[in-house]
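The structure appears right after this line, and notes come after that.
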Amino acid sequence: MGRLKSRLRWIVSQLPIVSKTPHVRSRRWAEPSWLPWAARHATPKSRNVQRPLGRYIDYYARPATYSTGGVNPSREMWIEALAGLSSHTRVLTPTAGHIPRLAGNENLSLTSIRHLGSGRQSMIPVGLSQHLTEGDTLIIHEGWTTSNLIAGWLANRCRIPYVVLAHGVYAPEIRHNLRWGKVRTRFERRLLERASAVHVFFEGEVQGVVDIAPNAHLLVAPTGVREIGNVQWEGGGGYIAWMGRFDIHHKGLDILVRALAEISPTERPTIEMRGPDHRGDKARLCAIVAGLGLAQWINVGDELRGADRWEFYRQADAVVHPARWESYGQSIVEAMVLGAPVLVSKAAQISSIFEHGREIYLFEPDVDGMARGLRAAGRADLMRTIAENGRIACLERLSWKKATDRYVQHFTRSSE
């Protein structure tokens, strides 16, 4: 423990600090000066426009080789949505380049900053404080990393509010498997309780945060969705689709495969699986499939992007998501917005906002529950009902306006 503290003190001592303001010890910043700053510096054209985030700084440090699953696309969508609540948005990354989704946004700039280290836990931002000034709001992503601890400490040192956008990393299933869990939880509690908000997607995630940081300020707002052009689900492709990261345990892929084995060959549906590998699990899954004699019914393929991704959903008879836990589930909402029927594990947080049998098909995250879901996918009338109602419910309950309104309400209350 002593060696760890010494190491952290050395790391902090190497950071260039541009602000000499004493460290703020309360779990809130000393005074909400950022909102008056936005008013003082607003242009005449924008004075009547509510900009509750002032200048918005988005920071996420991940090595290029690390698989983030749905975090990167979710982060990009939130950057795009929250840019409208700020006078300017700056995106800080560990590598130079551009983000195609955000190209052409005049209210946004992309800046690369140097980092020491190259691993997920060892990346340390150098000069981050030079990008933090009065009037900023910092948003950091995920958790349990040194880079986030340093970013939160610097935000407090510079007296600017920060938000931790959790992306599901405080789920008990993750926390209980951490190395050095007690020590890391102590540091994480400090980060979360000093944040202006810990942003989670659904109410079911609140307890996971409270268990770590009882005094944290919670902001509940799911990632929003928008309609997808002229593409609409048709079905008839003769397969059930699965899309995601090939993480066998987290995504419940072993449950899916073993449930399929429980169904007689005459009733057994074909399952098409697409996505990136995760630490060799794609090859391990293929071995499980072969061992159970299911190669005829399960096809494993590469990640799909753009139009190919939408076409994959469009032709599927249904889309399945058997995760053991899930904070959001990007493939779930992508399929629902397209109008496809989805079969979702009750362990997914998003399952709490949709009605079983009418807007979504829910099953227990075990082999028997998954097998019932796969059999239900063969009922065309049920799938059509779920497809029609699910799309309407998804667009209404996951609208970006509702999500960003919660940010406005939170920061308005904080400034009073």
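The values are calculated or read from the model by the stated rules, or taken from the named source; none is laboratory data. Quick caveat, the model's predicted, so the values are computed rather than measured. Cβ atoms come from the backbone with ideal geometry, glycine included; neighbour counts cover every protein chain shown.
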Review point. Is there a residue in region 252-270 that is of a type in the set (K, R) and at pLDDT below 95?
Key: no
Review point. How many residues are in contact with a strand residue (DSSP E or B) (Cβ under 9 Å, 6 or more places away or on another chain), assigned to a loop (DSSP other than H, G, I, E, B) and over 26 Å from I353 (Cα atoms) when one looks only at region 293-328?
Key: 5
Review point. Pairs under 6 Å by beta carbon, first residue in the same structural domain as W325 (by TED's automatic domain parsing) in region 251-272, partner of a type in the set (S, T, N, Q), six or more apart or different chains?
Key: E272/N299
Review point. Residues in region 227-280 that are out of contact with any helix residue (DSSP H, G or I) (no Cβ under 9 Å at 6 or more places or on another chain), farther than 25 Å from G306 by Cα and among the small types (G, A, S): how many?
Key: 1
Revision key, fill the gap. Over region 129-156, the set of residues modelled with pLDDT under 95 and among the aliphatic types (A, V, I, L, M) is L132
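Would you check which residues across region 157-172 are under 20 Å from R413 (Cα atoms) and either in contact with a Ser or Thr (Cβ under 7 Å, 6 or more places away or on another chain) or modelled with pLDDT under 95 (or both) and list them?
Result: R159, I160, P161, Y162, V163.
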Review point. Would a scan of region 187-200 turn up a residue that is within 30 Å of A371 (Cα to Cα) and either assigned to a helix (DSSP H, G or I) or touching a Leu at 6+ places or on another chain (Cβ under 7 Å) (or both)?
Key: no
Check your understanding: What residue, among those in region 357-408 that are within 25 Å of R55 (Cα to Cα) and out of contact with any Leu (no Cβ under 9 Å at 6 or more places or on another chain), is surrounded by the most Cβ atoms within 10 Å (Cβ to Cβ)?
Key -> A403
Check your understanding: Picking from A318, A335, which residue would you name as being in contact (Cβ under 8 Å) with a residue 60 or more places away in the chain, more than 19 Å from the chain's Cα centre (by Cα) and crowded, with 22+ Cβ neighbours inside 10 Å?
Key -> A318
**Study point:** Residue count, region 273-292 (criterion: touching a residue at least 24 places away in the same chain (Cβ under 8 Å) and not in a loop (DSSP other than H, G, I, E, B))
**Key:** 9
**Study point:** Residue list for region 365-389, restricted to those being assigned to a helix (DSSP H, G or I) and either of a type in the set (D, E, K, R) or touching a Lys or Arg at 6+ places or on another chain (Cβ under 6 Å) (or both)
**Key:** V367, D368, R372, R375, D381, R384, E388, N389
Exercise for review: Being farther than 24 Å from D136 by Cα and small (G, A, S) is the filter; apply it to region 172-212 and report the residue that is surrounded by the fewest Cβ atoms within 10 Å (Cβ to Cβ).
Suggested key: G181
Exercise for review: Go through the residues of region 380-390 one by one and say whether even a single one is among the polar types (S, T, N, Q) and either within 20 Å of the chain's Cα centre (by Cα) or modelled with pLDDT under 95 (or both).
Suggested key: no
Practice item. Inspect region 221-244 for any residue being surrounded by fewer than 22 Cβ atoms within 10 Å (Cβ to Cβ), assigned to a loop (DSSP other than H, G, I, E, B), free of Cβ contacts under 8 Å to residues at least 12 places away in the same chain and not small (G, A, S) and give the result as yes or no. Key: yes
**Study point:** Members of region 110-158 that are in contact with a Phe, Trp or Tyr (Cβ under 6 Å, 6 or more places away or on another chain) and at positive phi
**Key:** G135
